[in-house]
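**Q** Dropping a structure here in structure tokens format, bear with me for questions.
Where a number appears in this text, it was derived from the coordinates with a stated rule and is not lab data. These numbers come from a predicted model, not from an experiment. Cβ coordinates were reconstructed from backbone atoms using ideal geometry, including for glycine residues, and neighbour counts include every protein chain displayed.
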Amino acid sequence: MLLVCASRSHDKQAMRRMSSSMSSAVDSRSEITLGPLELADIRDLISSILNVPNDDSVIDEDICTHIYQKTGGLPVYVIELLETVKRNKSFFFDAEGMLRLPMKESQLGEECSALVLNQMLNRFDALDAAVRKILHTCAVLGYSFSLLDVARVHPELDFVFVEDTLNLALSEMILVEIGEEDEQSAYSASSNVGSNSKLGSSVDFSRTSSRVHHIEGERNFEFSHDMWRTTVLTTLLEARKMELHRRIATAMEKEQLGGVLERRDLSRLLTLFEHWKSCDEFLKAAPLALMVGARLNEWDLVRQSVDLYRDALEMSLKTVRPVDKKWKSDDEDCWVQVSAESDVLDLIIKLHCRIADTFRMLNRMEKCIKTYQDAYTILSSCSGSRRSLLIPVLAGLCSANLDRDPKNEVQALEQEPLLEQFVKVAQEDGCAIHLARALAMKAGYYAQQGNFEKALDDLKFLQTVYRAEEHTRRITKHYGKDYAMETFSQSILWFVLIGKEAEAVQQGLFVLKHHLPLQDPKDVGSIMSLILPTILVLKLVGRGEDAHYIFCTYVVNAYHDHSPVQTNWVELFNPLIYLLEIVKMEERGSFDSLLLERIQDWILDIENSYYSPEHLRLCHTIMGEISFRLGRSKQVGDPMRGLLFQKARSFLTAIAQDVHSEPFLAHSALSFLRAIG
């Protein structure tokens with residue numbers, strides 16, 4: 001038996017001649033190729049070469065894993081590394097007797113990197129220049145790729161030549177071919193295109209997720225080890241690497257225009273983004289980031305979309321100029337005033353707005369406001385009118401500020417001039433939907449501050465601008481919901497708070513007549529938000545029958561008839577129905593004792609006191625009123641009267657004292673507490 005053992009040298013001709021002669025001289029020949037070693041094999045080699053006990057108390061899994069990561073588990077590299085460590089005596093034992101190697105790159109890393117890189121570079125340099133050129137393209141494409149990927153990047157080369165070149169790389173074990181059954185797993189596990197990519201993936205733009213465009217006979221490859229790809233990339237000059245990224249991205253865009261690369265193929269769009277990013281093409285990369293980020297948000301991948309947007313925004317630093325010599329403040333996330341070409345500036349502002357919106361989804365309001373403020377700072381330095389960009393920035397900034405503590409006087413002082421500017425810019429723009437949004441926001445701000453007279457003044461202005469039939473669909477499309485219609489509904493409660501109950505009823509009837517018919521009858525949530533103030537004011541002025549009819553007809557019955565998607569407004573059904581039943585009995589002067597007893601048992605059950613944070617104050621105000629009305633119906637001296645009044649206090653006191661309670665709820669809670677005494 002003759003054993004011929006060798007590692008793969010950059011000069012393989014001698015081995016090939018030996019193999020050829022052996023093939024003709026020996027009848028039976030077997031070739032065994034060693035793959036990457038397992039951790040147990042590495043442990044055995046450590047024990048053998050360094051002459052230490054093969055025991056868990058001496059050689060732990062961490063050191064085996066570290067060597068595997070440095071060498072890829074390739075036998076020749078593991079052996080050479082350990083021999084180098086032994087020769088340099090660079091191993092030691094810690095206080096517990098565990099074997100340790102120098103873990104810093106300056107020691108073990110350099111020893112291993114130099115060893116592996118030199119051998120791989122020797123083999124790579126021995127290849128023909130044309131082969132190296134193709135492998136450069138492969139490395140920039142990613143860890144895995146297809147033959148068609150490479151051919152599209154090099155239309156000047158013959159397809160057969162490209163295929164022959166890849167076959168040569170296969171024979172050199174630089175590449176391996178993967179079948180269709182391995183394709184998906186290789187694609188998902190492939191490495192990033194850019195060296196610092198956060199969301200990149202390998203290029204695979206010849207295939208869509210549905211495989212509709214799969215070409216018969218298509219061949220797919222990957223590097224035999226990521227160390228090979230790293231080695232090939234190190235031989236590329238930065239300018240050449242950027243040129244290849246640009247050629248690949250251009251080829252991918254042609255495929256997109258041809259319908260192969262579709263908008264829904266997010267992985268390939270991300271890859272295209274990474275290629276444009278790698279060659280500093282902000283104007284190409286940013287629109288892709290905006291497109292992909294929007295889809296990620298739809299899938300609730302909000303944190304990933306933030307990373308993508310910020311990745312794109314970071315690119316813009318190379319395309320803008322500071323207004324002054326100070327580029328950025330001490331806070332690395334804080335932008336200073338910059339100037340740029342108009343198309344670049346548009347994308348910078350859009351990215352800021354998207355980042356702010358995603359921070360808002362994550363409930364990081366300070367980050368959201370700060371990002372909008374950065375965008376506002378940038379726009380304030382622009383010469384000429386940038387109204388199309390300023391409106392969404394002001395809208396987002398004012399909206400985010402409204403979600404802050406309304407009792408904070410400093411923040412309130414900052415908000416008022418911003419709202420004034422939003423109204424002014426919207427007036428100059430001449431678009432009714434922006435002006436309606438600005439006026440609605442301004443009215444809401446004054447209502448938060450308790451200045452209902454000013455809020456109603458803005459409502460009068462809004463009435464001259466807003467036409468529900470014409471504007472509601474456009475406002476909803478642009479801003480997510482019709483805030484102007486919501487303001488008309490909320491103003492019903494503002495009238496009550498300044499003692500104008502007749503005007504409140506009139507406004508409520510206006511909403512029912514002109515706004516309610518425009519709602520989708522299946523959208524119970526929107527309908528409930530719209531008509532709830534009307535129901536509350538009708539109950540207040542002794543029209544409980546009307547309030548009950550409206551609530552049951554447009555909300556409760558509609559919910560059961562249309563079986564819509566579950567809405568958390570359902571938790572309000574029982575409290576409000578029970579309250580309206582009691583009000584109706586009081587108005588008629590006729591009481592159903594069985595129903596009152598059932599309501600009393602329900603209100604005293606602690607399990608019925610739990611609600612979602614969104615509706616907690618509203619539901620507790622309603623339950624406090626139910627307790628008060630039930631207690632009032634009891635005879636003086638009845639123990640249940642005191643118990644119900646105590647229950648009412650437990651609900652209403654917190655509402656009246658909470659500075660975050662809506663003014664109408666706080667006003668109602670305080671009124672009932674005074675009535676209890």
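**Q** Which entries in LYS370/LYS424; LYS254/LYS370; LYS370/LYS442 show an alpha-carbon gap greater than 30 Å?
**A** Values: LYS370/LYS424 23 Å; LYS254/LYS370 39 Å; LYS370/LYS442 21 Å.
The answer is LYS254/LYS370.
**Q** Students often check this: by mean Cβ neighbours within 10 Å, which of 64-70, 273-279 ranks highest, and how do the rest follow? All intermediate terms of the calculation are to be shown ahead of the outcome.
**A** Details: 64-70: 17.9, 273-279: 26.1.
Packing proxy ranking, top to bottom: 273-279, 64-70.
**Q** Give the share of C-alpha pairs in each 5 angstrom bin for region 477-520, from 0 to the last occupied bin, in whole percents, shortest bins first.
**A** 5, 23, 27, 21, 13, 8, 3, 0
**Q** Ok, one more. Let me test this: with uniform point scatterers at the alpha carbons of region 501-552, what is the Debye-based log₁₀ I(q)/I(0) at q = 0.20, 0.23, 0.27 1/Å?
**A** -0.64, -0.83, -1.08
**Q** Amide H of PHE221: which non-local residues (sequence gap of 5 or more, or other chain) have their own amide H closer than 5 Å, using H built in the peptide plane?
**A** PHE145, SER146, LEU147, ILE178
**Q** Whole Å is fine, so just give me how far the alpha carbon centre of region 616-631 lies from that of region 473-545.
**A** About 22 Å separates the Cα centre of region 616-631 from the one of region 473-545.
**Q** Please tell me the relative contact order of region 538-677 in percent, rounded to the nearest whole number, where contacts are Cα pairs under 8 Å and at least six residues apart. Don't skip to the answer; put the middle values down first.
**A** Details: 119 pairs, mean separation 26.2, N = 140.
Value for region 538-677: 19 percent.
**Q** Now a separate question. Is the C-alpha gyration tensor of region 573-663 telling us rounded, prolate or oblate? Criteria: a/c under 1.5 is rounded; beyond that, a/b larger than b/c is prolate, otherwise oblate. It would help to have the intermediate numbers written out before the result.
**A** Numbers: a/c = 1.83, a/b = 1.52, b/c = 1.20.
Cα axes put region 573-663 in the prolate bin.
**Q** May I have the convex hull volume per residue, in Å³, for the Cα set of region 519-677? Don't skip to the end; give the middle numbers.
**A** Numbers: hull volume 18.7 nm³, N = 159.
About 118 Å³ per residue, rounded to a whole number.
**Q** Ranked highest first by average number of other Cβ atoms within 10 Å, how do 556-562, 417-423, 156-162, 439-445 line up?
**A** Working: 556-562: 14.3, 417-423: 17.9, 156-162: 12.3, 439-445: 25.1.
Highest mean packing first, the order is 439-445, 417-423, 556-562, 156-162.
**Q** Can I ask one more? Could you work out the local net charge near ILE433, counting Lys and Arg as +1, Asp and Glu as -1, over the other residues with Cβ closer than 11 Å to its Cβ?
**A** On the way: positive: ARG437, ARG467, ARG473, ARG474, LYS477; negative: ASP429, GLU470, ASP482.
Summing Lys and Arg as +1 and Asp and Glu as -1 gives +2.
**Q** Please tell me which of these pairs span more than 20 angstrom C-alpha to C-alpha: LYS133/LYS241; LYS500/LYS539; LYS460/LYS500?
**A** Over 20 Å Cα-Cα: none of the listed pairs.
**Q** With all pairs of different alpha carbon atoms counted, what Kirkwood hydrodynamic radius in Å does region 414-528 show? Before the final figure, lay out each step's value.
**A** Details: mean 1/r = 0.0690 Å⁻¹.
About 14.5 Å for region 414-528.
**Q** Which value in Å does the Kirkwood hydrodynamic radius of region 525-606 take, with 1/r averaged over all unlike C-alpha pairs and then inverted? Write out the running numbers ahead of the final one.
**A** Numbers: mean 1/r = 0.0739 Å⁻¹.
Result for region 525-606, one decimal place: 13.5 Å.
**Q** Once the convex hull of the alpha carbons of region 464-603 is built, what does its volume come to per residue, in cubic angstrom?
**A** Values: hull volume 17.8 nm³, N = 140.
Taking only Cα atoms, region 464-603 has a hull volume of 127 Å³ per residue.
**Q** Related question: Among 457-470, 660-673, what's the highest-first ranking by average C-beta atoms within 10 angstrom per residue?
**A** On the way: 457-470: 16.1, 660-673: 18.8.
My ranking of the peptides, most packed first, is 660-673, 457-470.
**Q** Right, next: Near the amide H of LYS500, under 5 Å away, which other amide H atoms are found, from residues 5 or more places off or on another chain, if H is placed in the peptide plane?
**A** Residues meeting the criterion, in which the H sits 1.01 Å from N, do not exist here.
**Q** How large is the Rg to Rh ratio of region 438-504 when both quantities use alpha carbon positions and Rh follows Kirkwood?
**A** On the way: Rg = 11.9 Å, Rh = 12.1 Å.
Using only Cα positions, Rg/Rh for region 438-504 is 0.99.
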